[in-house]
Amino acid sequence: MSDKRAAGRYLCADLVRVDWLDGEDDFRSAEAVLEDISQQGACVEMEQAVKLGTMMMLSIDGRTFYGHASHCNFRDYGFFVGIRFSEDTQWSSGLVAPRHLTNLCALAEDATGS
């Protein structure tokens, strides 16, 4: 697979909570759909746009991961927000396993017959 971001990336479909600070003192919270996750970050689908660099918290099954918004793009019916995790809150499947977790590398290997 040529996409370097795909290494260690897992597709998933799970409802999660996202919290962020909008501006100086407007604390926001929303339910989002977790689209994919890796050790370094995640992508969530939300109804609201988030400014790049915004500090964010992603909560999955009682675990919280901290980071910042690395991208925010509108696609079809929602905003897809990339969250780059801080080094001290990186994800692993041993910490928490979102629902419908699918390993992209394994799918690519199956597709190429490797």
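Just so you know, all these numbers are worked out from the coordinates, no wet-lab data involved. Keep in mind that this is a model prediction, so the values were computed, not measured. Here the Cβ is made from the backbone with ideal geometry for all residues, glycine too, and neighbour counts use every protein chain on show.
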Check your understanding: Mean separation of Cα pairs under 8 Å and 6+ residues apart, divided by the residue count of the chain: what relative contact order is that in percent?
Key -> 29
Check your understanding: Which entry in (1) 34, 20, 13; (2) 19, 16, 14; (3) 25, 15, 13 matches semi-axes √(5λ) of the Cα gyration tensor in Å derived from the coordinates of this structure?
Key -> (3)
**Study point:** Efficiency of FRET between residue 77 and residue 100 - r from beta-carbon atoms, R0 25 angstrom, step 0.05
**Key:** 0.85
Study note, to complete from the structure: Expected unfolding gain across residue 57-residue 27 under the 0.36 nm per residue rule, minus the alpha-carbon gap, is 9.7 nm
Check your understanding: Local charge sum around residue 79 (other residues, Cβ-Cβ under 12 Å, Lys/Arg +1, Asp/Glu -1)?
Key -> -2
